[in-house]
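Written below as structure tokens is the structure these notes are about.
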Amino acid sequence: MLYNFISVNTTWNREKVVELMKEIECEVVFLDLPEHFEAYIVNGIIPPQDFGYSQDLRACEPIVRFCWENGIPIYCYIETKLSKELVDIQMEIARLILKTKLKKKIDVEEWKRVIMRDIELRNSSDEYTEMKIRENAKKENVCLNLSRQLENELGDLGVKRIVLYEFRRPIDKLYELASREMNGEEVSDEYWLEAIERHIAFVDTVIEMGYEEACKLLWI
């Protein structure tokens, strides 16, 4: 069985994962972290704060420590090359936020290109992720945030999707709009503009109260 926990990258949400893991005779865990973190984790070390993944590391620490205490092996399924490209995407989005604030004008097409590129990169890694899970899976497995497509591909292992967070942050809306367009649907620029403005407001809230608290607010 493969338990796929849909979880936001906050400590309080990952603590919910740990509580549920205690009820499962889990034999292996697959985290949505860069693959090069594995060498640290297997040696009982929290990886150094990696630019672009510092929040993800903090969030996953309860799971990592639980696995260490119980001798459960951990695998990180994001390829190192892909993880670096995803950090570049984060930097591009940060640049777009700054550009928007300075010019007080939103370039919708530029936002679309960056977000669609992110989706394409993530989709391109599905085959590798599937192979890594198949090679290391045991009878009872825990994964974080596998896509629907990967759930389908791994269906023969027996997949149970457990949603621990409703992804309604403005950035999630932006990715939803991009996915709809990539699937051939026409999406009005008005929807894009509203979601972009709300994402910028979310970032301002993160600066004010911190990411973990901002994720507790109802944005959409």
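With both residues required to sit in the chain, DSSP beta bridges show an antiparallel share near 0%.
List the chymotrypsin sites (Phe, Trp or Tyr not before Pro) in the stretch 40-122 that DSSP assigns to loop (not H, G, I, E or B) and whose Cβ has at most 10 other Cβ atoms within 10 Å. Which are they? If you can, show how the numbers build up before the last one.
On the way: sites: Tyr40, Phe51, Tyr53, Phe66, Trp68, Tyr75, Tyr77, Trp111; in loops: Phe51, Tyr53.
Filter output for the stretch 40-122: Phe51.
Accessible area per residue for the stretch 109-196, computed on protein heavy atoms with a 1.4 Å probe, is 56 Å².
Where nothing but the Cβ of Lys and Arg (+1) and of Asp and Glu (-1) is charged, how large is the charge dipole of the chain around its Cα centre, in debye to the nearest 20? All intermediate terms of the calculation are to be shown ahead of the outcome.
Details: 30 positive and 43 negative charges, 90 e Å.
For the chain, the charge dipole is close to 440 debye.
Computed from Cα atoms, the angle from the helix 80-103 axis to the main principal axis of the chain rounds to 30 degrees. Within the stretch 53-75, name every residue whose backbone N is under 20 Å away from a label modeled 7 Å from Cα of Lys216 along the Cβ vector. In the stretch 53-75, the label zone of Lys216 (backbone N under 20 Å from the point 7 Å along Cα→Cβ) covers 55-63.
Taking GluC sites (Glu not before Pro) across the stretch 95-153, the ones in a DSSP loop with at most 16 further Cβ atoms lying within 10 angstrom of their Cβ are Glu140.
With helices as the sole contributors, the chain gives -18500 deg cm²/dmol at 222 nm; each DSSP H run of n ≥ 4 counts as -39500 (n - 2.57), and the sum is divided by every residue. Overall form of the stretch 35-158: oblate. Here a/c, set by the Cα gyration tensor axes a ≥ b ≥ c, is 1.5 or more, and a/b is not larger than b/c. For the stretch 162-220, the Kirkwood estimate of the hydrodynamic radius, built from every pair of different alpha carbons, is 12.3 Å. Any idea what diffusion coefficient the chain gets from Stokes-Einstein, in µm²/s, Kirkwood Rh on alpha carbon pairs, 25 °C, 0.890 mPa s? For these conditions, the coefficient is 133 µm²/s. The long axis of helix 126-136 is offset from the longest Cα principal axis of the chain by roughly 20 degrees. For the chain, modelled as a GNM whose springs connect Cα atoms under 10 angstrom apart, the maximal fluctuation among Ile78, Ile200, Ile45 occurs at Ile45.
The H on the amide N of Tyr75, modeled in the peptide plane, is under 5 Å from the matching H of Val29, Phe30, Leu31, each at least 5 residues off or on a different chain. Taking 18 Å as the straight-line reach from the Cα of Lys132, the lysines in range (excluding those fewer than 8 positions away in the same chain) are Lys81. The C-alpha atoms of the chain define a longest principal axis, and helix 108-124 lies at about 20 degrees to it. Phi angles across the stretch 193-199 convert, under the Karplus curve 6.51 cos²θ - 1.76 cosθ + 1.60 with θ = phi - 60°, into 3J(HN,Hα) values of 4, 4, 5, 5, 4, 6, 5 Hz, Gly and Pro given as x.
What Kirkwood hydrodynamic radius do you get for the stretch 45-107 when you take the inverse of the mean 1/r over all pairs of distinct Cα atoms, in Å? Walk me through the numbers on the way to the answer.
Numbers: mean 1/r = 0.0706 Å⁻¹.
Roughly 14.2 Å, rounded to one decimal.
Measuring nothing but protein heavy atoms, the accessible surface of the stretch 62-112 at 1.4 Å probe radius is 56 percent carbon and sulfur. Is the shape of the stretch 120-220 rounded, prolate or oblate, going by the alpha carbon gyration tensor and its root eigenvalues a ≥ b ≥ c, with a/c under 1.5 for rounded and a/b larger than b/c for prolate? The shape class here is oblate. The lysines whose alpha-carbon is closer than 18 Å to the alpha-carbon of Lys173, local same-chain residues fewer than 8 away aside, are Lys112, Lys216.
The values are calculated or read from the model by the stated rules, or taken from the named source; none is laboratory data. Since we're looking at a predicted model, the values are computed, not measured. As a convention, Cβ positions derive from the backbone with ideal geometry for all residues, glycine included, and neighbour counts pool all protein chains shown. Only protein heavy atoms, including side chains, enter the accessible area calculation; ligands, DNA and RNA are left aside. Shrake-Rupley method; radii C 1.70, N 1.55, O 1.52, S 1.80 Å.
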